[in-house]
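For reference, the structure is listed below as structure tokens.
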Amino acid sequence: MKTPKFRAALAAVALVALAVPAAQARDDAPVTEIELANHIRTLSGDAFEGRAPGTGGEARAIAYIVGEWAKAGLNPVQGSATPWLQPVPLVETQATGSQAHFKVRGRDFAIEEDGVILTGRDAAASLSDLPAVFVGYGVDGEGRVNADVRGKLAMMLMGNAPFGDDLPRYRERRQLLADAGASAVLVIATDALPWAQLRDALGSRTTRLADAKAGPPIGGFLSLEASDALFAKAGEDGAAARAAAGAADFRGLALPVTADLSATATVRSFDSHNIIAKLPGAKPDGKAVLFLGHWDHLGICAPEGAADRICNGAVDNASGIAVLIAVARRLAKGPRADRDIYFMATTAEEKGLLGARWFADHPVLPLTDITVALNIDTIAVSPRGTPVATIGRGRPAHDALVREVASALGRTIDDDGEADPFIQRQDGWALGAKGVPSLMVGGSFSDMGLLEAFLESDYHGPGDEFSDKVPLGGAAEDADLHVALGRAFADTKRWPGTN
């Protein structure tokens, strides 16, 4: 649990913010790059230590965001005994040791230690002679577990299933396999995410909601190279097996492989926090607009001895929080909108959208009252003039209003659908799964070349630091777009509040 000192610090920074007077009201002045730069530079500075949940970096992030929202004129939402904060109970498991031994047709087969990562659910777990089955994406086209995995090692692909955009993402599919009785689940990494980044970001530490279902006794990841080597020894072609798994009627592939797996870990329970604020509407009608973005990042992510150990998370997602602050300031200081507008900075997005999931299960306002949720994430990627893409599109009325607002600002709409696969990789997915219309709108997910360049370089690494190289023109332009979207969706005459 958090120490009393840490808890007191959180309470102090939140309560002090209540006394901060609102600044002089002003119109919706355009958001400037300098304004965003100042927020990003602070939030991604080394003093915040990468903003990992449950650390001193969380306390500093909370103090900064609450302070800025209070200065803007937002009101705290009472999510707990401490204003502004909604506690999110988490359990963190830190691997302290593991062993993986494989046999193919009864004969030992060695996998490089660097090619497999194991984590245990509990302080210690040991499993022997587990038969292995490759389950592809783990589910069929209806989202049901596609193979008999009881008492077995299920080997599952990490990427999104190609036969259904609304199927569970890999963490949810891993849980479905555990629910079906899998003793262990190894997720096979794909070339969509470099193995080194996955290993460093997720490998030895896992975090879950305290009330989440128990996962498999042992979980982990297998590199693509290690997987292919194991398949080859078993007389199978790994690439062909992955291709076959792309069919909705794939029913799993039993392998002549058994595994002995063991893992030890330390287990820590603690509260992290969503930060939630409200801008009361002038003519509330029971519907509300919700802006959200995650404040967390990966913390101290590199091993001891590395030249730079901090994953600062400048683009992902100090940039999104900077935009939330700028949008809040303008909506609060300009003409008051009809509807209530909520702002939420979520925790533990990097751990599986956990803060957003907790809010979706424990909302501070009825989810049916949210007429739209606008998520802001990784927004400092593109230059000014980039077309507007929408993740979560497909609701005609919402799409039409986004197009109308963007066009009024001189923006064009990108309808090519390249951004669609990202729908499960952002906080809006947790709300969308509960029926809340959830959109992520802007230029960052329009230019795939620029986005992929970021994802393949600084993403989730110490290189995601603030510098003059971070493009802020598109982020400022997208911030103006969100101010206009907030006003449009909160206008009872312009938007009827349809869900």
Legend entry - Nearest-20 debye value, the chain charge dipole, Cβ charges on Lys, Arg, Asp, Glu: 1640
Inset, instruction - Find how many whole Å separate the alpha carbon centroid of region 204-241 from the alpha carbon centroid of region 306-356. - result: 32
Inset, instruction - For region 456-495, evaluate the Debye formula with one uniform point scatterer on each Cα (no solvent term) and list log10 I(q)/I(0) at q = 0.17, 0.19, 0.24 Å⁻¹, rounded to two decimals. - result: -0.63, -0.68, -0.81
Inset, instruction - Run the accessible area of the chain with a 1.4 Å probe and give the carbon-and-sulfur part as a rounded percent. - result: 52
Legend entry - Probe 1.4 Å - accessible area at residue 152, Å² to nearest ten: 50
Legend entry - Ordering of 453-466, 399-412 by burial proxy (mean other Cβ atoms within 10 Å per residue, highest first): 453-466, 399-412
Legend entry - Among beta bridges that DSSP assigns inside the chain, antiparallel share in %, nearest 5: 65
Inset, instruction - Could you tell me the distance between the Cα centroids of region 128-192 and region 443-464, to the nearest Å? - result: 28
Legend entry - Estimated FRET transfer efficiency (residue 244, residue 128; beta-carbon r; R0 22 Å; 0.05): 0.15
Legend entry - Segments 256-269, 309-322 sorted - mean Cβ within 10 Å per residue, highest first: 309-322, 256-269
Inset, instruction - From largest accessible area down, sort 415, 468; use a 1.4 Å probe on the protein chains. - result: 468, 415
Inset, instruction - Quote to one decimal, in nm, the extra length available between residue 285 and residue 384 on full extension: 0.36 nm per residue of separation minus the C-alpha distance between them. - result: 32.1 nm
Legend entry - Full-stretch length increase - residue 456, residue 306 - with 0.36 nm per residue and alpha-carbon distance subtracted: 52.0 nm
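Any of 71/351; 71/278; 152/434; 71/283 with alpha carbons more than 25 Å apart? Name them for me.
71/351; 152/434
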Legend entry - Furthest towards positive pole of dipole, 345, 365, 222, structure part the chain, Cβ charges: 365
Legend entry - Dipole axis of the chain (+1 Lys, Arg; -1 Asp, Glu on Cβ), positive-most option in 72, 162, 479: 72
Legend entry - Rg/Rg_globular for region 402-499, with Rg_globular taken as 2.2 N^0.38 Å and Rg from C-alpha atoms: 1.23
Legend entry - Cα gyration tensor shape of region 149-193, rounded if a/c is under 1.5, else prolate or oblate by comparing a/b with b/c: oblate
Inset, instruction - Work out Dmax and Rg for the chain from the C-alpha atoms and quote the Rg first, both in angstrom. - result: 23.0, 75
Inset, instruction - Select from 448, 426, 436 the residue farthest towards the positive end of the dipole of region 403-479; place +1 on Cβ of Lys and Arg, -1 on Cβ of Asp and Glu, and compute about the Cα centre. - result: 436
Inset, instruction - Please calculate how many Å² of accessible area the chain carries per residue, with a 1.4 Å probe and no DNA, RNA or ligand atoms counted. - result: 39
Legend entry - Reach of residue 233 by Cα under 15 Å, taken over aspartates and glutamates that are not fewer than 8 positions away in the same chain: 108, 112, 225
Inset, instruction - Quick one: dipole size for region 344-435, taken about the Cα centre, charges +1 on Lys/Arg Cβ and -1 on Asp/Glu Cβ, in debye to the nearest 20. - result: 120
Inset, instruction - May I ask you to derive the FRET efficiency for residue 467 and residue 268 from their Cβ-Cβ distance with R0 = 30 Å, giving the value to the nearest 0.05? - result: 0.35
Inset, instruction - Any chance you could list P(r) for region 374-435, counting all Cα-Cα pairs in 5 angstrom bins from zero, rounded to whole %? - result: 4, 15, 25, 29, 19, 7, 1
Legend entry - Order by protection proxy (mean Cβ within 10 Å, highest first), peptides 476-484, 360-368: 476-484, 360-368
Inset, instruction - Determine ³J(HN,Hα), in whole Hz, for all residues of region 346-362 in sequence, where each value follows from phi through the Karplus function 6.51 cos²θ - 1.76 cosθ + 1.60 and θ = phi - 60°; x replaces Gly and Pro. - result: 8, 9, 6, 4, 5, 9, x, 6, 5, x, 5, 5, 5, 4, 4, 8, 9
Inset, instruction - For n ≥ 4 DSSP H runs only, could you compute -39500 (n - 2.57) per run for the chain, divide by its residues and tell me the 222 nm figure to the nearest 500? - result: -8500 deg cm²/dmol
Inset, instruction - Give the long-range amide H neighbours of residue 111: residues separated by 5 or more places, or on another chain, with amide H under 5 Å away, using H modelled in the peptide plane at 1.01 Å from N. - result: 102
Legend entry - Rounded to the nearest 20 debye, dipole of region 109-161 from Cβ charges on Lys, Arg, Asp, Glu: 220
Legend entry - Relative contact order, percent, the chain [alpha-carbon distance under 8 Å, six or more residues apart]: 20
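The values are calculated or read from the model by the stated rules, or taken from the named source; none is laboratory data. This one's a predicted model, so the numbers in the text were calculated from it and none came from an experiment. As a convention, Cβ positions derive from the backbone with ideal geometry for all residues, glycine included, and neighbour counts pool all protein chains shown. Side chains are part of the model used for accessible areas, which takes the heavy atoms of the whole protein and leaves out ligands, DNA and RNA. Shrake-Rupley method; radii C 1.70, N 1.55, O 1.52, S 1.80 Å.
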